[in-house]
Every structure is written in structure tokens, then in C-alpha cells.
């Protein structure tokens, strides 16, 4: 039996993503075969395609998340026909991921979910919402707190704003693009153009209680200075890269201020957390933002679109 898959044949630009007919992978002990219905696209996949993941060898089917239906399994808790989602766990890196019609995935990664959501909506949730919820938990945000989200038009930023607002948290968000300012889904919206400290202090004179920094390394030190004394900063995004040059923790972290992080690997297999998100979406409490939907055959164009920084919210692939 054959299937369509988008294979990253080598490192390079979007043109290295080739649609191919390949055999459907065989099930093996501890793994399940999933018929993929949709997947969210992520910037980490762009970096892997560009060659910035030295542990990844090519050719490789990329994709760190997916949703679909169990086609065959070695796990009795995952009968054929079960709706599932999967994120991370070296999916799309050590083994083939979500850019295909089928994937063989470790049973431990699969989260059985009860939902009637359309596939494209369900596909927008796993990575973005689990990362957003995990980041807010890492910050220790509580109702009545003041939260600033840097990188607010990213899929995780929009998910975090949705979750925080529903929890009674006063939320502000930033974007580095004037064109995206009106799309921020927070009560307060700021352009991150060098005047952010003055703008935020005009709203919150002592600074926000918490900052979720999805821009990452180029703004981390500024976020530590901007958060209120004794507040917390969580770095969960890498829009600006992986490393902070010449980082000196004692000199650069204000005394009493907390710096933490969240990695979506910590959310893999968290069925209960994802089911709560799905329930909130189905009830209308959360409204995920989908920017654009691409068919499997157009993933090269999808990468071009994501790489152009035009997206506001989640970019989705459907099979």
C-alpha cells in the first residue's frame, strides 16, 4: 500500500520539500499506525529544513505534531478508529512525522481525544495550546494578574491570550509588525519597536507581573528588566534563535525576579490537558485563530508563507 508524503530530501529552502509516493510504514511493537488528517506547522520545522538541527538526517518526513485516526495499533487502549493527537517526542526528527497521509508513531505519544471538531480546527490545537498552557503554568499566572505576551501574533501567543483572558487575567500583547497590531487578541496591544518599556509603564507603572516571551533570545534581557520586581519571565519561543550571547545570570537577572522556560516536550502525551482545551473550544470559551490552510501537496508554499512572517495565528496542513 502506498501513500503521499512530503519528504525533506536535504537541508535548504522550501524547494527541498518533495511530494512523493512511498510505502505506508509497517506497525511495530510499541508503535501505532495513524491516518493523518491534519497538522499544525511550526517554526522549528523551518529550522530543521534549513539544516539547523544537526541531529536530523535526511531524507526525513518533517512535522512535530498531527491529528488523525488510529489505523492499526499494538496498544489495547488505542483501538482502530480512535481519534488521536501527537506532539513532539522527536517526531519529524528522529523518525518520520506529520507531513504525510500516514505515520507510525510511538504509543506513548498518542493522546486519544473525544471531539467533533473539524480536522483543521483540531489540528490547530495540540502544539500551540499545550505550549501556551504549560507556559502560563510555569509562570504561575493567576486570576487578576497582569500578563504581557511578546510575540502575540504567533500561534502560541494567540493561544496564550485566549487562555489567559478566559481565566480573568489582564493581558497585553506585542507585535513587531505595524500591519499586525490590529490582529492582537488582547485587551491591550503594543508595537514592540523600541518604545515598549515606556508604553507598558504608561499602562502598568510597576510593570507586568509576568511576561511570556515568545520572541526569545533577542528580547529576553529586556523582558527581565521590564517585568515588575519579583515578577516572572518565561521563554517559550525561539523566533529570534536559540542562544543569548554573553549571558551573565547574576548580572542580568534582577534580584528576586524569576526566569523560567517551557518546552513542549513536557506536554507530550498529556491527554487530559488537550482534552480540556478541546472541550473549551467546543464550548466557545476558546476561539483558535487559523490564518491559512494548505493541502499536503502545497507544503512547500506553506513553508514559504510561514517563513515570510505574514502569518497571524496557526498555519494548518490537511491531507
So for 263, 303, fewest C-beta neighbours within 10 Å to most, what's the order?
263, 303
For the chain, the spread of Cα positions along each principal axis, largest first, Å:
63, 41, 36
For segment 126-185: rounded, prolate or oblate by the Cα gyration tensor [a/c cutoff 1.5]:
oblate
Cβ-derived FRET efficiency at R0 25 Å, residue 195 paired with residue 265, nearest 0.05:
0.10
Provide the gained length on full extension for the span residue 143 to residue 292, in nm with one decimal, where the gain is 0.36 nm per separating residue minus the Cα-Cα distance.
50.4 nm
Shape verdict for segment 1-75, please, from the Cα gyration tensor: rounded (a/c under 1.5), prolate (a/b greater than b/c) or oblate.
prolate
For the chain, what's the relative contact order in percent, using C-alpha pairs closer than 8 Å and at least 6 residues apart?
19
Measuring from the longest principal axis of the C-alpha atoms of the chain, the long axis of helix 271-283 (C-alpha) lies at a number of degrees, nearest 10, equal to 80
Report, in degrees rounded to the nearest 10, the 0 to 90 angle that the Cα long axis of helix 126-139 makes with the longest principal axis of the chain.
30
Can you tell me the 0 to 90 degree angle between the C-alpha axis of helix 155-166 and the longest principal axis of the chain, rounded to 10?
60
Spatial separation of Cα centroids for segment 63-111 and segment 11-37, in angstrom
11
Between residue 18 and residue 275, the two model label points (7 Å from Cα along the beta-carbon direction) sit apart by a distance in nm of 4.3
If I model a spin label as a point 7 Å beyond the Cα along the Cα-Cβ vector, how far apart are those points for residue 108 and residue 301 in nm?
4.0
Given the peptides 132-138, 16-22, arrange them by the average over their residues of other C-beta atoms within 10 Å, most packed first.
132-138, 16-22
Within a 10 angstrom radius of the beta carbon, how do 243, 130 rank from fewest other beta carbons to most?
243, 130
If you average the sequence gap of Cα pairs under 8 Å that are 6 or more apart and divide by the length of segment 128-264, what percent do you get for the contact order?
24
I need the shape label for segment 128-264. Rule: rounded when a/c is under 1.5, else prolate if a/b > b/c, else oblate, with a, b, c from the alpha carbon gyration tensor.
rounded
Here the FRET efficiency for residue 94 versus residue 283, based on Cβ atoms and R0 = 41 Å and rounded to 0.05, is 0.65
Burial ranking of peptide ranges 4-14, 71-81, 94-104, 210-220 (average Cβ count within 10 Å, highest at the top):
210-220, 94-104, 4-14, 71-81
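FYI, it's all coordinate maths here, none of it is from the lab. Predicted, not measured: the structure shown is a model, and the values here were computed from it. As a convention, Cβ positions derive from the backbone with ideal geometry for all residues, glycine included, and neighbour counts pool all protein chains shown.
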